[in-house]
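Since the structure comes first, as structure tokens, the remarks are kept for the end.
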Amino acid sequence: MHPDLIDLGFLHLKTYGACMAVGFLLCWTLIEKLSGRKDLSNLLMTLMIGGVAGSRLAYVIEHWRAEFAAHPLEVIRVDRGGLMFYGGLILSVALFFLWCALKRERPLALADLFCTALPLGHACGRIGCFFYGCCYGRLSDSALAVRFPRLSPAWYEQFHAGLIDASAPASLPVLPTQLFEAAALLVLFAALLALYRRHRRGTAGAYFIGYAVIRFFLEYLRGDPRAVVLGLSISQAISLGMALLGGVFLAVSFRKPRS
């Protein structure tokens, strides 16, 4: 865990934010290279802002009572972490289709392009989660388990649960689910890139299904507080809908040749 990349007093850069910026720039570069287009910058910026806003909004809604009800001004402290990916994805998808409608662009073709690059940027974000200490896994004695330092999110959660005392220098060992997800996303990215280069279609549907599967099963390894809906976490419930949407995308993508 290394939350502060640069801290010189007058210059303070969070590692989490730096990882997000790197991920965005990598996606931007790849999208331009794959498409040969330089006119998508406005859309990319809109999706980036919408992604952060939607992620924060979803996290605040899920954790309002535990974290924000007594300190509402903390809502704007995005630099301290606290983003829910699915919230950002949902808002970004809505903005994406609105932009396509206004610009009279073919949404499915652009969706395939953007979804090819998305897992690469998301993987960078998950690495940022690891450096910040959020989105950690459940307690484990596995050789892969890690200890997060004192005052980290895992340490606080274990302290409030009575598992460690205030003098503990680090949390109990937990699974580094952030790195597990980052690795899975890089594999998904490689598969989608190969698919896009070969067919120029189908990657949006494949992404939705692929990430839904990754996230659904990874949720069983998470140890941070999760809201529950009908026995599933909110992210698992959304994953089921995301997989269905991916099936629709695939069916439409290969239904007929594109002009």
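Since every read-out is calculated from the coordinates, none of them should be taken as a lab result. Computed from a predicted model, the values in this text were never measured in an experiment. Virtual Cβ from ideal backbone geometry, glycine too; neighbours counted across all protein chains shown.
Dipole size in debye (nearest 20) for the chain around its Cα centre, Lys and Arg Cβ +1, Asp and Glu Cβ -1? Write out the running numbers ahead of the final one.
Values: 25 positive and 16 negative charges, 265 e Å.
Approximately 1280 debye in magnitude.
Between VAL252, PHE180, HIS122, whose Cα lies farthest towards the positive end of the dipole of the chain when Lys and Arg beta carbons carry +1 and Asp and Glu beta carbons carry -1, centred on the Cα centre?
The one lying farthest along the dipole's positive direction is VAL252.
Projected area of the range 82-233, taken from the Cα convex hull and averaged over every viewing direction, in nm²?
Mean orientational projected area (the range 82-233, Cα hull): 10.5 nm².
With unit charges on the beta carbon (Lys/Arg positive, Asp/Glu negative), name the residue among HIS63, CYS100, ALA18 whose Cα is farthest towards the positive pole of the charge dipole of the chain.
Working it through, the farthest residue towards the positive pole turns out to be CYS100.
What net charge do the residues around PHE85 carry, taking every other residue with its C-beta under 13 Å from that of PHE85, with Lys and Arg at +1 and Asp and Glu at -1?
Net of charged neighbours comes to +1.
Under 20 °C and 1.002 mPa s, how fast does the chain diffuse according to Stokes-Einstein, given a Kirkwood radius computed over C-alpha pairs? Answer in µm²/s, whole number. Walk me through the intermediate numbers first.
Details: Rh = 19.4 Å.
So the translational diffusion coefficient is about 111 µm²/s.
Would you please give the FRET efficiency between ARG197 and VAL248, computed as 1/(1 + (r/R0)^6) with r the Cβ-Cβ distance and R0 = 30 Å, to the nearest 0.05?
Once the sixth-power term is evaluated, E becomes 0.80.
Return the calculated 222 nm mean residue ellipticity for the chain, to the nearest 500 deg cm²/dmol, obtained by summing -39500 (n - 2.57) across DSSP H runs with n ≥ 4 and dividing by the residue count.
-20500 deg cm²/dmol
Can you give the angle from 0 to 90° between the axis of helix 177-199 and the longest principal axis of the chain, with both taken from C-alpha atoms, to the nearest 10?
Taking Cα atoms only, the helix is inclined about 10 degrees.
Looking at LEU139, MET242, TYR156, which one has the Cα that reaches farthest to the positive end of the dipole of the chain (charges on Cβ: Lys, Arg +1; Asp, Glu -1)?
Of the listed residues, the answer is MET242.
Which whole number in µm²/s is D for the range 41-110 by Stokes-Einstein, with the Kirkwood Rh taken over Cα pairs at 25 °C and 0.890 mPa s?
Translational D for this selection: 189 µm²/s.
Report, in degrees rounded to the nearest 10, the 0 to 90 angle that the Cα long axis of helix 107-132 makes with the longest principal axis of the chain.
Here the helix axis deviates by roughly 20 degrees.
In degrees between 0 and 90, to the nearest 10, how far off the longest principal axis of the chain does helix 234-253 point, with axes built from Cα atoms?
With rounding to tens, the tilt is 10 degrees.
Amide H to amide H under 5 Å from ILE164: which residues, 5+ apart in sequence or cross-chain, H placed 1.01 Å off N in plane?
PHE159
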